[in-house]
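Working notes for the structure below.
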Amino acid sequence: MPRTSSRRRVAPGRAFSRTAKESGRLRSGAQAISPYLLGGLLTVTGSLHFISTRSYAAIVPRQLPSPDGLVYASGVAELLCAAGLAIPRTRRVAGWATAALFVVVFPANVQMAVSSGSRSAAYQAMTWARLPMQLPLIGWAVLIARRAARHRG
């Protein structure tokens with residue numbers, strides 16, 4: 001008597017494709033952890049404002065007063081945004097606040113790149129490469145805010 005395999009036959013080329021249901025679960029899982037990932041990033045960067053205040057103060061545009069105070073304030077803002085993203089009830093507002101924060105700190109990132117001339121080539125490259133990264137971060141925060149608004153009803 002011939003043996004029959006209990007394994008399902010898969011068409012060639014389809015062995016590694018996902019079903020719509022599986023893809024939906026993956027997307028849903030990624031959406032669920034997304035606010036926590038961005039919150040984790042903000043927790044690290046917000047904490048660094050207190051650990052490495054002088055390096056952050058050096059990139060505050062010269063036209064602005066009290067560089068240390070602004071560094072502490074932006075660190076607190078990042079930590080508050082991180083906390084807000086972690087709490088579903090405050091996620092929508094925190095997402096919009098995070099997007100706004102990324103826009104507000106952009107001039108400091110520009111200042112960092114412009115004044116990096118005396119540093120190593122790698123440091124200069126990193127500061128300039130960082131500037132276009134602000135756009136996906138802003139988009140990520142907006143996406144979290146919009147998803148949170150949809151889930152609230």
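The values are calculated or read from the model by the stated rules, or taken from the named source; none is laboratory data. Note that this is a predicted model, so its numbers are computed, not measured. Heads up, the Cβs are rebuilt from the backbone with ideal geometry, glycines too, and the neighbour counts pull from every protein chain shown.
Brief remarks follow.
- Selection of helices (runs of 4 or more DSSP H) fully inside segment 50-153 by the criterion of at least 2 residues being closer than 27 Å to Ile33 by Cα and of a type in the set (Lys, Arg) returns 91-104, 121-152.
- Complete set of residues in segment 118-153 that are among the small types (Gly, Ala, Ser) and at pLDDT 90 or above: Ser118, Ser120, Ala121, Ala122, Ala125, Ala129, Gly139, Ala141, Ala145, Ala148
- Considering only residues in segment 64-73 that are surrounded by 13 or more Cβ atoms within 10 Å (Cβ to Cβ) and out of contact with any helix residue (DSSP H, G or I) (no Cβ under 6 Å at 6 or more places or on another chain), the one that is nearest to Pro107 (Cα to Cα) turns out to be Leu70.
- Residues of segment 111-130 classified as touching a residue at least 24 places away in the same chain (Cβ under 8 Å) and under 28 Å from Gly84 (Cβ atoms), total: 2
- The residues listed here are Thr98, Thr45; of these, the one that is within 25 Å of Val142 (Cβ to Cβ) and in contact with an Asp or Glu (Cβ under 6 Å, 6 or more places away or on another chain) is Thr45.
- Among residues of segment 100-126, those that are within 18 Å of Ser66 (Cα to Cα) and either of a type in the set (Lys, Arg) or surrounded by fewer than 17 Cβ atoms within 10 Å (Cβ to Cβ) (or both), counted: 3
- From the list Gly24, Gly29, Gly39, the one residue that fits, being under 24 Å from Leu137 (Cα atoms), among the small types (Gly, Ala, Ser), assigned to a helix (DSSP H, G or I) and at pLDDT below 70, is Gly24.
- Where a residue in segment 47-63 is surrounded by 14 or more Cβ atoms within 10 Å (Cβ to Cβ) and its partner, wherever it lies, is among the hydroxyl-bearing types (Ser, Thr, Tyr) and in a helix (DSSP H, G or I), with Cβ under 7 Å and at least six apart: His49/Tyr56; His49/Tyr72; His49/Ser74
- Any hit, segment 79-99, residues being under 14 Å from the mean Cα position of the chain (by Cα), surrounded by fewer than 16 Cβ atoms within 10 Å (Cβ to Cβ) and on the phi < 0 side of the Ramachandran plot: yes
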